[in-house]
Amino acid sequence: MELPPIVQAFAPVLRARAEDVPTDRIKTPELQQLFEVMIRVMRAAPGVGLAAPQIGVPWRVMVLEDRAELLATLSAADRKEREREPFETRVIVNPVVKPIGSETRTFLEGCLSVKGHVALVERAREVEVTGFDEHAAPVSWRVSGWPARILQHEGDHLDGTLYVDRMLTRSFATDVSAKEHYAGKSVAELRAMLGI
Ligand code: ZN
């Protein structure tokens, strides 16, 4: 299967509100194929989430997962600080992501559609997402930590929002620069260094 390319900022499809999927279409071969393609594109990138507009499809669909092999690059301390644990692949159709409580976390974040860059982004620590899974069954998932960040990031995509709209702008860096200047520093150290 030839995989579609990941659309890069600031293509119009990344800036529009994606459309609701009629739930009676979730089980159609067309949608089932979309889910499969999205999962493959996410894994090939590799990434931990993908929204349909990122492959040029203006529908409210997201896929997400976190795999042990991706986590292997992080130290145990980094994993703990980010509350990042592996979780199984999820397809969520017409997701509604609601922050729970007022606690937030700020970490470096990137996007497959803003290739080669990272920045600090403040997000709710905990969210609840509701929607439908790939079998058209209703889903409700309350989660905190890194999965909550992914859900907020992908949910934003469906509303035409990119992390660069929310980032602490002074922290915006290329991957190469981040590796040189940010690696091994805590978020508090980064903030102090950047004056934010
Ligand atoms: Zn993204």
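Points worth noting:
- In the set ASP165, ASP159, only one residue is within 15 Å of the ligand (Cβ to nearest atom), without any contact (Cβ under 8 Å) to a residue 40 or more places away in the chain and farther than 14 Å from VAL63 by Cα; that residue is ASP165.
- When residues in the stretch 168-196 are screened for being within 16 Å of the ligand (Cβ to nearest atom) and more than 21 Å from the chain's Cα centre (by Cα), 0 of them pass.
- Residue ID - surrounded by the most Cβ atoms within 10 Å (Cβ to Cβ), chosen from residues in the stretch 96-121 that are closer than 22 Å to LEU194 by Cβ and away from the ligand (no atom under 16 Å from the Cβ): ARG105
- Between ALA16, ALA52, ALA72, the distinction of being among the aliphatic types (A, V, I, L, M) and more than 27 Å from GLU128 (Cβ to Cβ) belongs to ALA72 only.
- Residues that are within 15 Å of the ligand (Cβ to nearest atom), modelled with pLDDT of 95 or more, farther than 21 Å from ASP165 by Cβ and loosely packed, with under 14 Cβ neighbours inside 10 Å occur at least once in the stretch 2-25.
- Residues that are exposed (fewer than 15 other Cβ atoms within 10 Å of the Cβ) and of a type in the set (A, V, I, L, M, F, W, C), drawn from the stretch 43-91: ALA44, ALA68, ALA72, LEU74, ALA76, ALA77
- In the stretch 151-185, the residue that is modelled with the lowest pLDDT out of those that are in a loop (DSSP other than H, G, I, E, B) and exposed (fewer than 12 other Cβ atoms within 10 Å of the Cβ) is GLY184.
- Whichever residue in the stretch 15-47 is touching a Lys or Arg at 6+ places or on another chain (Cβ under 8 Å) and of a type in the set (A, V, I, L, M) and, among such residues, is farthest from PRO95 (Cα to Cα): LEU31
- All positions within the stretch 126-150 that are surrounded by 17 or more Cβ atoms within 10 Å (Cβ to Cβ), outside any strand (DSSP E or B) and of a type outside the set (A, V, I, L, M, F, W, C): GLU134, GLY145, PRO147, ARG149
- Candidates VAL57, VAL139, VAL41, filtered to the one that is β-branched (Val, Ile, Thr), at pLDDT 95 or above, touching a strand residue (DSSP E or B) at 6+ places or on another chain (Cβ under 7 Å) and within 16 Å of the ligand (Cβ to nearest atom): VAL41
The values are calculated or read from the model by the stated rules, or taken from the named source; none is laboratory data. Being a predicted model, the structure only gives us computed values, none of them experimental. Note that each Cβ is placed from the backbone with ideal geometry, even for glycine, and that neighbours are counted across all protein chains shown.
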